[in-house]
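Peer 1: Would you mind keeping the following structure in view while I ask a few things?
The values are calculated or read from the model by the stated rules, or taken from the named source; none is laboratory data. If you're wondering where the values come from, they're calculated on a predicted model, not measured in any experiment. Heads up, the Cβs are rebuilt from the backbone with ideal geometry, glycines too, and the neighbour counts pull from every protein chain shown.
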Amino acid sequence: MLNFKKETREQLLSLARERGIYLEGNIIKLVDTEEDAAFDEYVKEAIKKDEQSRKKRLEITKQVQSQNKELTEWKKHNEQLNEDLKKALQDAEKSKETALSDLEVLQKKTQYELIGSIVKVSLWIICGIGVITTAMYALSLTLQLQNDILENTWSNMFGIMLTNCFSIIGTIMGVKYANGKTSGSSAKEIAVCKNCSKPVT
């Protein structure tokens with residue numbers, strides 16, 4: 001047991017009255033009051049306050065542990081959300097690349113079909129004009145008719161047909177060259193876009 005001198009007991013009692021400060025901890029249980037009623041009451045009050053203080057500290061500890069647990073769960077949840085977001089962004093990027101590739105293929109197919117249609121129509125027109133003009137010229141020769149306009153038209157027609165054929169071929173080659181150049185530029189832009197963080201417009 002711990003025995004305090006009378007002066008020490010009075011100081012403790014004074015400190016409790018004036019400032020509300022009491023002894024704390026297990027040491028209180030070892031204090032001998034020496035049949036001092038006032039000091040005995042002080043010790044009982046100190047034990048009571050120490051128990052209340054321990055309960056508060058225990059509640060705070062439990063609250064902190066609960067908050068730490070919630071923070072840990074939130075952290076795991078946020079990490080999972082970040083992983084899902086990264087995966088979704090990667091899937092979106094792949095889908096975008098696939099869509100761009102399909103769009104480019106569709107554009108090329110449409111252009112080739114359009115060019116084919118133009119060439120077919122042009123050839124049918126040229127051949128039709130050639131056949132009609134040739135038939136008319138042959139008819140005029142058969143009937144022994146002299147028609148200088150028809151003769152000049154028939155002779156010039158082959159030159160026009162040859163010129164138109166070269167024009168069509170030149171147009172087709174030009175379109176193919178432009179498509180090839182555009183595709184190369186698009187590939188370079190995509191490669192540059194993958195190496196930078198800014199979108200290519």
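Peer 1: Examine the stretch 52-67 for a residue that is aliphatic (A, V, I, L, M) and modelled with pLDDT under 90, and state whether such a residue exists.
Peer 2: Yes, because at least one residue in the stretch 52-67 is aliphatic (A, V, I, L, M) and modelled with pLDDT under 90.
Peer 1: Another one. Test Val131 against the criterion of being within 26 Å of the chain's Cα centre (by Cα), at negative phi, in a helix (DSSP H, G or I) and β-branched (Val, Ile, Thr), and give yes or no.
Peer 2: For Val131, the condition - within 26 Å of the chain's Cα centre (by Cα), at negative phi, in a helix (DSSP H, G or I) and β-branched (Val, Ile, Thr) - is not met.
Peer 1: Also, I was wondering about something else. Would you please list the contacts, defined by Cβ atoms under 9 Å and residues six or more apart or on different chains, that run from a residue in the stretch 96-113 that is more than 15 Å from Ile172 (Cβ to Cβ) to a residue that is part of a helix (DSSP H, G or I) and hydrophobic (A, V, I, L, M, F, W, C)?
Peer 2: The qualifying pairs are Glu97/Ile190; Leu100/Ile190.
Peer 1: Here is a follow-up. I'd like to verify a number: residues in the stretch 64-122 that are closer than 30 Å to Ser167 by Cβ and among the β-branched types (Val, Ile, Thr), how many?
Peer 2: Within the stretch 64-122, residues that are closer than 30 Å to Ser167 by Cβ and among the β-branched types (Val, Ile, Thr) number 6.
Peer 1: A further question on this structure: Need pairs with beta-carbon distance below 9 Å; first residue outside any helix (DSSP H, G or I) and within the stretch 41-62, second small (Gly, Ala, Ser) and at pLDDT below 90; sequence gap 6+ or separate chains.
Peer 2: Matching pairs, first to second residue: none at all.
Peer 1: Kindly establish whether Leu12 is in contact with a strand residue (DSSP E or B) (Cβ under 9 Å, 6 or more places away or on another chain) and at pLDDT 75 or above.
Peer 2: It is false that Leu12 is in contact with a strand residue (DSSP E or B) (Cβ under 9 Å, 6 or more places away or on another chain) and at pLDDT 75 or above.
Peer 1: Listed residues Glu151, Glu104; which is out of contact with any Pro (no Cβ under 7 Å at 6 or more places or on another chain), modelled with pLDDT of 80 or more and part of a helix (DSSP H, G or I)?
Peer 2: Step by step, each of Glu151, Glu104 is checked, and only Glu104 is out of contact with any Pro (no Cβ under 7 Å at 6 or more places or on another chain), modelled with pLDDT of 80 or more and part of a helix (DSSP H, G or I).
Peer 1: Filter the stretch 108-127 down to the residues that are over 50 Å from the mean Cα position of the chain (by Cα) and modelled with pLDDT of 80 or more and list them by number.
Peer 2: Listed by number, the list holds a single entry, Trp124.
Peer 1: Still on this structure: For the stretch 19-40, what are the residues that are in a helix (DSSP H, G or I) and closer than 18 Å to Lys6 by Cβ?
Peer 2: Ala37, Ala38, Phe39, Asp40
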